[in-house]
Structure formats: structure tokens, C-alpha cells
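Read through the structure below, which is laid out as C-alpha cells, and then see the notes.
The values are calculated or read from the model by the stated rules, or taken from the named source; none is laboratory data. These numbers come from a predicted model, not from an experiment. In this analysis, Cβ positions are derived from the backbone assuming ideal geometry, glycine residues included, and neighbour counts consider all displayed protein chains.
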Amino acid sequence: MLRDRSLFSVSYVSRGVLEKRARQEHFCCFMVLFFLAHCLPPIKAQSDSAVQPPKKAEDLFDRVIANQKRTEEALDIYEHVERVETRKTGSDSSPAEIKVWRVFPAGPAKDKIPLTAEGNAVSPTSYRAALENLEKYLIWTTQQGEAQKEAYAKAEHKRKERFELIAATHEAFIFTRVGEEKRGERSLTKYSMVPNPKYKPTSRNAMLFTKVRGLLWVDEESGELARVEGVVTADITLGLFLAKIYKGSSFMQERYEMEPGVWFPTFERYDFDGRKFLMPFSIHERTFYTKFRRVGPPKESLELVRAELSKQGMDKDD
């Protein structure tokens, strides 16, 4: 039974929880991985005596850019299951902690419903309560009001900033085609990625581009980013000098086609060391993304959540 509170107050609390989760998740590791895995720039293939660059490289990477944006937009209408395995060190063979969530898009935010390590509901009661809270937030997002407009405007502003960084990376890196590799039946083109010494950052975020190098794998047939991995080459200062990621930290991400023409991340690895304020920290995580399912925008996904709640009620009666 829901507590006797107004829809707005319940939705407002839900929104605050969602925003707090987002801030926590993206504190340090977001800053490096996001700009490379989600902001792939147009790539200029360099001439090489052993490997010839593909024809119309600019056209290819215009497609890659467009697909990167389309992938991010698709994440607004697809749910998935996220399994995060945390290790004490990057070399540990088994995780010290495992957390699993059902991640559900909810308009300007995303909700995370905790699951067991096996991917099941923690308990019928808590799972239903989480769905009921999600239902209320989805109802709130479909209403017209100043609070809703503000939430959507903030989400759109962040997306615009990310897309603007894509344009900045056009000059930030030098990409060199170094060969091809097979992944299943697909052929991937491999590129090295190094900072462009002539690049002059115009923002604090763009400064990150000068301190990372790595490799990219691109599926040229589809124009999709299939894999990215990189290493931090110099200490990165974040948050007005309140935090720092140390040189040698590394990351990687893999992407696969989940549905025809729809590519999503399936695995990420973070091995970061640094400090927050004066306290050292280490992030050694392996994240697996599975069970992608299209749920649609809030008006559509609201009906799916209601149907799931209704089914749970009938199963309970049985």
C-alpha cells in the first residue's frame, strides 16, 4: 500500500534519488571513459607504408559520429540489466563485491532497481515497491509543469554539451589506421589514438583529451564503434582540484549489435587509481550489460510497468 502522499512529492523524491545515483556513478570513471567511448571524433586516416587507409575515411567516420549519437538516444528507450563486479585490484581473479540492477529509462533520468547476484528480485515486496515508485515517476514525467520542463531541459543541456565535445575532439586526437582484426564474422578496422600536439583545449573537460591515448576498433560495414581502450598518460585533475585520476589508470569498452542496426555497450572495464579530496581511492570494476529490451518513451514504458504490476498482482492472487 502506498503512503498517503501527493503524486508530486513522491515523484520529486524519486527524481532526487535518481539524480543522486547519477552523480555518484559518474564521479571519476565517467570523465575519462565517457569522452572516448561516447564522443568518438571524426578520424583522419594517416598514410602508412604497410596499411593503406580506407577510401572516403571522412565519410565513414561521419557515419560513426551519427551512430554514436543515435546509440545514446536509443538508451533513452531501452532497458537493460547491469552487473558490476568490483575488485580490490585490477589483477584479482574474482570480485570482492557484485551488484546487479535493472536499469530502466525514465524520461530525463534512469531508475535502477536492485537485483540479486543471479539477476532475480531481492524480494517480491521490495521489487514491487520499486516498480510502484518507478510508475509514479513515469507518471510525473508525462505531466506538463515547470518542474518537468526543468528536468528535461537539464537532461537536454547535458546531452548538448556532450555533442559539442564531439566536435572538439575533431582536432584533439590523431588517429592512425594500424590494421584489421576479426571478431566473429565481422571484420573490424583498428586505429591508434594519440593526442594532437597542436590541439588547444577550450574548456576544462576538453583538457582530458590531452592526457589519454589508446586504440579503437570500428566496424566499417555498419559504421559502428565496436571497441575502445585507453590509458591515462598524465594525472587528470577533476572538480576544481578536489579529485585526481593518476597516470596509468586504464579503461576499455566493447559494443555489439543487440538488434538489427542497434549497437550497445556489453562490457566495460575500469582500473582507476587517484584521490578524492585528500583520501586515496581505487576503482577496479567490470560491468556487464545484458537483456536489452525496447520499452519506449515514458508514455509507452508506463504501460509496460503497469502491466508488470498487474501480472504480479494476479500471480499473488493465484
Query raised in the report: When residues of segment 67-103 are filtered for being assigned to a strand (DSSP E or B), closer than 25 Å to Glu156 by Cβ and either touching a helix residue (DSSP H, G or I) at 6+ places or on another chain (Cβ under 6 Å) or of a type in the set (Asp, Glu) (or both), how many remain?
Result: 2
Query - Matching option when the condition is among the aliphatic types (A, V, I, L, M), in contact (Cβ under 8 Å) with a residue 12 or more places away in the chain and in contact with a helix residue (DSSP H, G or I) (Cβ under 7 Å, 6 or more places away or on another chain), among Leu242, Leu238 - result: Leu238
**Report entry** Residue tally, condition more than 19 Å from Val178 (Cα to Cα) and in a loop (DSSP other than H, G, I, E, B), over segment 223-257
**Finding:** 11
Query raised in the report: Can you pull out the residues in segment 289-312 that are surrounded by fewer than 16 Cβ atoms within 10 Å (Cβ to Cβ) and hydrophobic (A, V, I, L, M, F, W, C)?
Result: Ala307, Leu309
Query raised in the report: Taking the stated definitions as given, is Ser123 farther than 30 Å from Asp273 by Cβ and without any contact (Cβ under 8 Å) to a residue 24 or more places away in the chain?
Result: yes
Query raised in the report: So is Ala129 of a type in the set (Gly, Ala, Ser) and assigned to a helix (DSSP H, G or I) or not?
Result: yes
Report task. Sort through Ala151, Ala121 and tell me the only one that's of a type in the set (Gly, Ala, Ser), more than 29 Å from Ile283 (Cα to Cα) and crowded, with 17+ Cβ neighbours inside 10 Å. Result -> Ala151
Query raised in the report: Taking segment 218-238 as the search range and keeping residues that are buried (at least 19 other Cβ atoms within 10 Å of the Cβ) and over 30 Å from Val262 (Cβ atoms), which one is modelled with the highest pLDDT?
Result: Val232
Query raised in the report: Quick check: is even one residue across segment 182-200 part of a loop (DSSP other than H, G, I, E, B) and under 26 Å from Asp273 (Cα atoms)?
Result: yes
Query raised in the report: Using beta carbons and a limit of 8 Å, which pairs, at least six apart or on different chains, have the first residue in segment 259-279 and without any contact (Cβ under 8 Å) to a residue 60 or more places away in the chain and more than 18 Å from Arg83 (Cα to Cα) and the second one of a type in the set (D, E, K, R) and in a strand (DSSP E or B)?
Result: Glu259/Arg294; Arg275/Lys244
Query raised in the report: If you check Phe277, Phe251, Phe241, which single one turns out to be under 18 Å from Phe173 (Cβ atoms), at pLDDT below 95 and among the aromatic types (Phe, Trp, Tyr)?
Result: Phe251
Query - Cβ pairs under 9 Å, 6+ apart, first in segment 203-228 and free of Cβ contacts under 8 Å to residues at least 40 places away in the same chain, second part of a helix (DSSP H, G or I) and among the small types (Gly, Ala, Ser) - result: Ser203/Ala168; Thr210/Ala172
Report task. Report, ordered by the first and then the second residue, all pairs with beta carbons closer than 8 Å, sequence separation of six or more or different chains, a first member in segment 81-106 that is over 26 Å from Lys136 (Cβ atoms), and a second member that is among the basic types (Lys, Arg) and surrounded by fewer than 16 Cβ atoms within 10 Å (Cβ to Cβ). Result -> Ala96/Lys88
Report task. For segment 40-56, state whether one or more residues are surrounded by 19 or more Cβ atoms within 10 Å (Cβ to Cβ) and either assigned to a helix (DSSP H, G or I) or at pLDDT 80 or above (or both). Result -> no
Query - Cβ-Cβ under 9 Å pairs, at least 6 apart or on other chains, segment 143-166 side over 14 Å from Pro108 (Cα atoms), far side of a type in the set (Asp, Glu) and in a helix (DSSP H, G or I) - result: Arg162/Glu72; Phe163/Glu72
